[in-house]
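Structure record follows, encoded as structure tokens.
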Amino acid sequence: MFGGELLPGLLPYIENAMNVDLSKEATYQENMEIAPPIINHDFLEELGTANISRRSFMQWERVGHSHGATFKEVAILMSGKFSRCADCVIYPSKHEDVETLVKVALKHNVMLVPYGGGTNVTDALELPHEEKRMIVSVDMSRMNAIRWVDKENGMACIQAGIQGQDLERELKQYGMICGHEPDSAEFSTLGGWVATRASGMKKNTYGNMEDIVCNLSLVTTKGTFTKTSLWPRTSNGPDLTQLILGSEGNYGIVTEVTIKVKPLPEVRIFDSILFHDWETGIKFCYEVSKTKQYPTSMRLVDNEQFKFGSTMKPAITSAWENFVENAKKFFVVNIKGYNPD
């Protein structure tokens, strides 16, 4: 059972194609020893508790905010030890909280690290082991509200800590969709998409982050940056928003983002095409790219990827569905002459 679905083809594929012995149980550490937190008492005293939603010094909360999702970091979680962990995790609840936090941190020389969904795969959340200052992980998850939606002009202002799945669910109530769908959409956040200049599988229709963002609020040590208008573009001067996109949190903390939204699609169609060889598939994709009638998302996979994807099909419980599936296989293999291997 995976994600609530029975996938009968997955484990046999992993055993046979990947030569993995599933009888061996993976080992993982139940605890990770970390150094005591470095405490800047003047910083904590001036910040207080009124300007934040929560602060934590709990061990696993500190560990959880000290890594991303690279293979290296996952391996360390299972059996290693991080050379440096966040000393404290602070949860702001509104833009003004972040402004106060940055101001007090600057005054007392405290290092801040913005934290979204923790899905980063570029080592951007790896903390410098030589850092002697107090490191505070700024968890944006409680800043997850939609401020407003303008259906007529196709825009919405949203707090940066909202996760992708929550964003689409909330926009659906307005009959709108963002459409940005990176592989990490279930966990990653709007602010994280801005910080990583993210791309998504549906960018053909909805665009990448540089196409979606109309405006944003960025809290820096010099003040808050935001554009004074929501015009989609200007014809004079550089667009400073483009400097912030992909900055990985180095310039400041993104608190709010105004993005382009579109009406919910009336229908979604999924289909597939089989090619006899990889080269024909590439030529097909090239020809489609030269037209204006391309799909929202298109992916060319080789045979091994296709076989792996087939193992993700849920178990068939209907006799009719089973008949149709077998008929498809018979047609593709016996009539059209495709080799399953």
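Bear in mind that the values in this text are calculations on the coordinates, not laboratory data. On a predicted model such as this, the values are computed, not experimentally measured, just so you know. Every residue, glycine among them, receives a Cβ derived from its backbone with ideal geometry; neighbour counts consider all protein chains shown.
When DSSP assigns beta bridges and you keep just the ones with both residues in the chain, what percent turn out antiparallel, to the nearest 5?
Here the antiparallel bridges make up roughly 75 percent for the chain.
Using a Cα distance threshold of under 30 Å, what count of lysine pairs results for the stretch 275-341 when pairs must be 8 or more residues apart or interchain?
15
Using a Förster radius of 45 Å, what is the FRET efficiency between R55 and L243 based on their Cβ-Cβ separation? Nearest 0.05, please.
So, using R0 = 45 Å, E works out to roughly 0.90.
Which of rounded, prolate or oblate describes the stretch 251-341 when judged by the alpha-carbon gyration tensor and an a/c cut-off of 1.5?
Taking the square roots of the gyration eigenvalues as a ≥ b ≥ c, the stretch 251-341 is prolate.
If the viscosity is 0.692 mPa s and the temperature 37 °C, what translational diffusion coefficient in µm²/s does Stokes-Einstein give for the stretch 67-192 when Rh comes from Kirkwood over Cα pairs?
203 µm²/s
If the cut-off is 20 Å between C-alpha atoms, which lysines fall inside it for K81, apart from same-chain ones fewer than 8 positions away?
Correct list for K81: K72, K132.
Hand me the trypsin sites (Lys or Arg not before Pro) from the stretch 1-78 located in a DSSP loop with no more than 10 other Cβ atoms within 10 Å, in residue order please.
When the trypsin sites (Lys or Arg not before Pro) of the stretch 1-78 are filtered for loop state and at most 10 Cβ neighbours within 10 Å, K24 remain.
Please identify the trypsin sites (Lys or Arg not before Pro) of the stretch 239-321 that satisfy two criteria: DSSP loop assignment and at most 11 other Cβ atoms within 10 Å. Which are they?
Here the sparse-neighbourhood loop sites are R268, K290, K292, R299.
Nothing charged except the Cβ atoms of Lys and Arg (+1) and of Asp and Glu (-1): what's the magnitude of the dipole of the chain about its Cα centre? Round to the nearest 20 debye.
840 debye
How far is it, in nm, from the label point at E25 to the one at A75 when both lie 7 Å from their Cα along the line to the Cβ?
With each label placed 7 Å out from Cα toward Cβ, I get 2.4 nm.
Only Cα pairs under 8 Å and at least 6 apart count here; give the relative contact order of the chain as a rounded whole percent.
Result for the chain is 17 percent.
Quick one: what does P(r) look like for the stretch 156-239 with 5 Å bins over all Cα pairs, in whole %?
So the P(r) values, bin by bin, are 3, 13, 23, 25, 19, 12, 5, 1.
Explain nothing, just the number: dipole magnitude of the stretch 278-335 about its Cα centre with +1 on each Lys and Arg Cβ and -1 on each Asp and Glu Cβ, in debye rounded to the nearest 20.
Charge dipole of the stretch 278-335: 160 debye, to the nearest 20.
Restricting to Cα pairs below 8 Å that are 6+ residues apart, what does the relative contact order work out to for the stretch 31-139? Please round to a whole percent.
RCO, the stretch 31-139: 38 percent.
If neighbour count is taken as other Cβ atoms inside 10 Å, put V63, V110, V121, V324 in order from fewest to most.
Ranking V63, V110, V121, V324 by Cβ neighbours within 10 Å, fewest first, gives V324, V121, V63, V110.
Across the stretch 31-139, how large is the tail of the calculated P(r) beyond 19 Å, expressed as a percent of all Cα pairs?
Roughly 41 percent, rounded to a whole number.
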